[in-house]
Amino acid sequence: MAEALVIVDFQNDFTPGGALAVPHGDEIAGRIAELLDSGRFDLVVATRDWHPADHGSFNSAHPPGIWPPHCVQGTPGAELHAGLDRARVDVVVDKGQDPQTEGYSGFQQTELEQVLRDAGVDRVTVVGLATDYCVRHTALDALSAGFDVTVDRAGVRGIDAEPGDADRALGEVREAGGSVV
């Protein structure tokens, strides 16, 4: 069977200077490049938050959500980070388009599972931002869908709103049957 690299939300708004920057989020670029250079992956998928301007998770919404507006469709902040060679990405999956759902997982209301199945993928390696939110949810949903899942620790960064959140998220992936390397 085949293996896919799933790059979660490596977008401008989630890196330093962005609307919802993950500390040191840009530092994963080197690890992603190493993984791309490894030749291991039959398919490379990048997810991206692609929110409408009125997304319910925004603190500017009514009632207010918890996040500042970020990754609004068609804005520079929603684009994939320049540290990711877009030419090496086979498929971009947009998520979080429904204003009423968080859209943390790359599998939630997207074609990601079908894209992976159509490519014969049975294993996924997950990298990206943020460990304690979208990476966690994507990895757990991949496990629920029956994929073997590895989260590459060097290729993720977390928000850690509460100290240890990112480590707890990785622990949840391990407890659900995934591996963290």
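Among the protein heavy atoms, those of Ile66 account for about 110 Å² of accessible surface (1.4 Å probe, every chain in place). Answer rounded, prolate or oblate for the range 5-47, using the Cα gyration tensor with square roots of eigenvalues a ≥ b ≥ c: rounded when a/c is under 1.5, else prolate when a/b is larger than b/c, else oblate. Oblate, because a/c is 1.5 or more while a/b does not exceed b/c.
Rounded if a/c is under 1.5, else prolate if a/b is larger than b/c, else oblate: which is the range 121-172, with a ≥ b ≥ c the root eigenvalues of its Cα gyration tensor? It comes out prolate by the Cα gyration axes. Counting Lys and Arg as +1 and Asp and Glu as -1 over every other residue whose Cβ lies under 14 Å from the Cβ of Pro16, the net charge comes to -2. Only bridges with both residues in the chain count here: give the DSSP antiparallel percent, nearest 5. Beta bridges within the chain, antiparallel portion: roughly 5 percent. 3J(HN,Hα) along the range 4-15: 10, 9, 10, 9, 8, 6, 7, 10, 4, 5, 9, 10 Hz, from the Karplus curve 6.51 cos²θ - 1.76 cosθ + 1.60 with θ = phi - 60°, whole Hz, x for Gly and Pro. Among the protein heavy atoms, those of Ser179 account for about 40 Å² of accessible surface (1.4 Å probe, every chain in place).
A rounded overall shape is assigned to the chain, the ratio a/c of its alpha-carbon gyration tensor axes (a ≥ b ≥ c) being less than 1.5. Electrostatic bookkeeping for Thr138 treats Lys and Arg as +1 and Asp and Glu as -1; over the other residues with beta carbon under 10 Å from its beta carbon, the sum is 0.
For the chain, the solvent-accessible area with a 1.4 angstrom probe is 44 square angstrom per residue. Between 0 and 90 degrees, the angle of helix 165-175 with respect to the longest Cα principal axis of the chain falls at about 40 degrees. Net length available on complete extension from Glu79 to Glu111 is 9.6 nm, with 0.36 nm assigned per residue and the Cα-Cα distance removed.
For the range 16-168, a simple Cβ point-charge model (Lys and Arg +1, Asp and Glu -1, everything else neutral) yields a dipole of about 120 debye relative to the Cα centre. Taking amide hydrogens as placed 1.01 Å from N in the peptide plane, the amide H of Val8 sits under 5 Å from those of Thr47, Val127, Gly128, Leu129, each at least 5 positions away in sequence or on another chain. Measuring between their Cα centroids, the range 126-165 and the range 11-83 lie 14 Å from each other. Working ranking of peptides 131-137, 149-155, 30-36, 84-90 by packing, defined as the average number of other Cβ atoms within 10 Å per residue, highest first, is 131-137, 149-155, 30-36, 84-90. Can you give me the % of accessible surface on the range 15-115 that is carbon or sulfur? Probe 1.4 Å, all protein chains present, nothing else counted. C and S fraction of accessible area: 50 percent. With contacts taken as Cα pairs under 8 Å and at least 6 residues apart, the range 52-181 reaches a relative contact order of 17 percent.
The values are calculated or read from the model by the stated rules, or taken from the named source; none is laboratory data. Not measured: the values here are computed from a predicted model. Methodologically, a virtual Cβ is constructed for each residue, glycine included, from the backbone with ideal geometry; neighbour enumeration extends over all protein chains shown. Each accessible area value is taken on the protein alone, full model and side chains, heavy atoms only, with ligands, DNA and RNA left out. Shrake-Rupley method; radii C 1.70, N 1.55, O 1.52, S 1.80 Å.
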